[in-house]
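The values are calculated or read from the model by the stated rules, or taken from the named source; none is laboratory data. Just so you know, these numbers come straight off a predicted model, no measurement behind them. A quick note on method: Cβ atoms are made from the backbone with ideal geometry, for glycine too, and the neighbour counts reach across all protein chains shown.
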Amino acid sequence: MLPHPVIKTRFKTEEQKPDFVNQLFDRSAHYYDGVNSWGFLGTGGGYRRLALCQHGLRAGQRLLDVGCGTGLIALEAAKILGTAENITCLDPSDGMLSVARLKLNARFLQGRAEKIPLPDGSFDFLTMGYALRHVTSLDQAFHEYHRVLVRGGKVLLLEITKPLNRVGAAVLKVYFKGLYPRLARMFTGSKAAEDLLKYYWETIETCVRPELILESLSKAGFSQVKRDSRFGVLSEYTAVK
């Protein structure tokens, strides 16, 4: 299952998507943390840590952060775990990984969610923050998540979901499609940062609905599959092996 249809203004076929996404994140990696911080009014770190705590991350667990980007989730996880030594960060973008490596003493691997280069049953907890829309196959990614977790291991996927409410959807569109990218360009002088945020909205707007994501998790073999929603926009998908 595709997370969203092919966006033909960005790439012509699904096979071209990984290279496009990698280049987009490589070019904007240097600006990512700053743009992310002020774009969410500095609340991102606190929210990530809260979500990790509420969904059961605890000291002693081995964590895999898929699509780790610049390490924003891993950084908060390390505060809960008390160390980054049990954290493995996986991302296809060398640019994003190069920024993440400066922040914490975790293990870093370059790779994709659809083919994780790690053994079966290696982790107790798996996270993915706002990167679900960038995979090429939900089914394939979720099967890999199931494979690398131990029995009883948990997956937590954080995402932004377009609200069903018309007013909420319109407000989100005005911010993510128009205001946020323009401000990013103004403050950073980077067209790459602006393009990243425009693409961010394009994938949010066309992403499959939550019920299909839950269905794909169940098909991969997970149990206790559910979605918690905050304000109808922030989605927290959880499941247990």
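Values as computed for the structure displayed
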read-out	value
Meets criteria (modelled with pLDDT of 95 or more, closer than 21 Å to Arg27 by Cα and assigned to a helix (DSSP H, G or I)) for Tyr180	no
Failed criterion for Arg101 (all others in (1) within 23 Å of Val150 (Cα to Cα); (2) surrounded by fewer than 22 Cβ atoms within 10 Å (Cβ to Cβ) hold)	(1)
Residue identified as surrounded by fewer than 20 Cβ atoms within 10 Å (Cβ to Cβ), touching a Leu at 6+ places or on another chain (Cβ under 8 Å) and of a type in the set (Ser, Thr, Tyr) among Ser218, Ser137, Ser190	Ser137
Pairs, first closer than 16 Å to Asp26 by Cβ and in contact (Cβ under 8 Å) with a residue 40 or more places away in the chain in segment 89-118, second in a strand (DSSP E or B) and of a type in the set (D, E, K, R), C-beta under 7 Å, six or more apart	Pro92/Arg112
Out of Glu194, Glu211, sole residue that is closer than 22 Å to Met1 by Cα, in a helix (DSSP H, G or I) and not aliphatic (A, V, I, L, M)	Glu211
Cross-chain or 6+ apart pairs with Cβ under 7 Å, segment 9-30 first and at negative phi and surrounded by fewer than 19 Cβ atoms within 10 Å (Cβ to Cβ), then assigned to a loop (DSSP other than H, G, I, E, B) and not charged (D, E, K, R)	Thr13/Val6; Glu14/Leu2; Glu14/Val6; Glu14/Thr136; Pro18/Pro92; Pro18/Thr136; Phe20/Phe11; Asp26/Ser93
Of all residues in segment 62-73 being aliphatic (A, V, I, L, M) and farther than 16 Å from Ala29 by Cα, the one that is farthest from the chain's Cα centre (by Cα)	Leu63
Residues within segment 1-30 that are in a loop (DSSP other than H, G, I, E, B) and either in contact with a Gly (Cβ under 7 Å, 6 or more places away or on another chain) or over 15 Å from Lys191 (Cβ atoms) (or both), tallied	12
So Phe142, is it within 18 Å of the chain's Cα centre (by Cα), within 22 Å of Asp65 (Cβ to Cβ) and not in a helix (DSSP H, G or I)	no
Total residues in segment 190-214, condition free of Cβ contacts under 8 Å to residues at least 60 places away in the same chain and either of a type in the set (Val, Ile, Thr) or touching a helix residue (DSSP H, G or I) at 6+ places or on another chain (Cβ under 9 Å) (or both)	6
Candidate set: segment 64-97, residues that are among the hydroxyl-bearing types (Ser, Thr, Tyr) and touching a Phe, Trp or Tyr at 6+ places or on another chain (Cβ under 9 Å); chosen: the one farthest from Arg133 (Cα to Cα)	Thr88
Pro3 farther than 16 Å from Leu156 by Cα, touching a Leu at 6+ places or on another chain (Cβ under 9 Å), surrounded by 20 or more Cβ atoms within 10 Å (Cβ to Cβ) and touching a residue at least 12 places away in the same chain (Cβ under 8 Å)	yes
Considering residues of segment 44-80 that are more than 14 Å from Phe125 (Cα to Cα) and out of contact with any helix residue (DSSP H, G or I) (no Cβ under 8 Å at 6 or more places or on another chain) only, the residue surrounded by the most Cβ atoms within 10 Å (Cβ to Cβ)	Tyr47
Pick from segment 82-91, criterion surrounded by fewer than 21 Cβ atoms within 10 Å (Cβ to Cβ) and not charged (D, E, K, R), ranking: farthest from Gly44 (Cα to Cα)	Asn86
